Each structure stands twice: as structure tokens, then as C-alpha cells.
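Single-structure report; data block below.
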Amino acid sequence: MNERGAALGIFRSLGALARGFGPLFASSLFWCFGPGVAYIVGAIFLLLPLEALRRSILGAVMIPPNPPSDDDDDDDSNNDVQSSPKKDQ
């Protein structure tokens, strides 16, 4: 089976379900709890895909730190102590 076709079919099916059940859900919230609750829940549902997009973009951009190289001859045990430059008098 073609993976791209399967993914396209799944997303189209989920979109159709959302277009069908979304208005029913939102109108039920509106009539049962008022417009404030309906708009707040709608805003939260709009933020969920935005957060998923942000995480996917940041996950693709983040670069893992460089592993330490084996050719360093310096002693790394004193890295936390900083020496101040000496002034010539």
C-alpha cells in the first residue's frame, strides 16, 4: 500500500469527521453553557494544532550538541574555575 495515499486518506477522513461533528459540538456548548464557554473551548482547540506545529518545527531545527572529541589533551576537570588576567606593573 502506498504510504502517502494512506496518510492522505486518513487526513481527509478526519477532516470530514471534524466538519461534521465540530458544529454539533460547538452548538451544543453554545446552547448549554453560553457563548463564553463555546468561544474559550474553540480557542483551546485552535491552540492545540498550533502547539503541535511549534513542537515539530523546533524538533526539526534543534541540533544535538557536539560530542567531545578524543583528541583533546587538556584536562577538563578545572573548566569551572576562571582565571583572571594578570596585569603587568
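Laboratory data are not the source of any read-out in this text; all were calculated from the coordinates shown. All values reported here derive from a predicted model rather than from experimental measurement. Every residue, glycine among them, receives a Cβ derived from its backbone with ideal geometry; neighbour counts consider all protein chains shown.
FRET efficiency for the V41 to R12 pair, using the beta carbon distance and R₀ = 25 Å, is estimated at 0.50. Here is the tail figure for region 3-61: Cα pairs spaced more than 13 Å apart come to 72 percent of all pairs.
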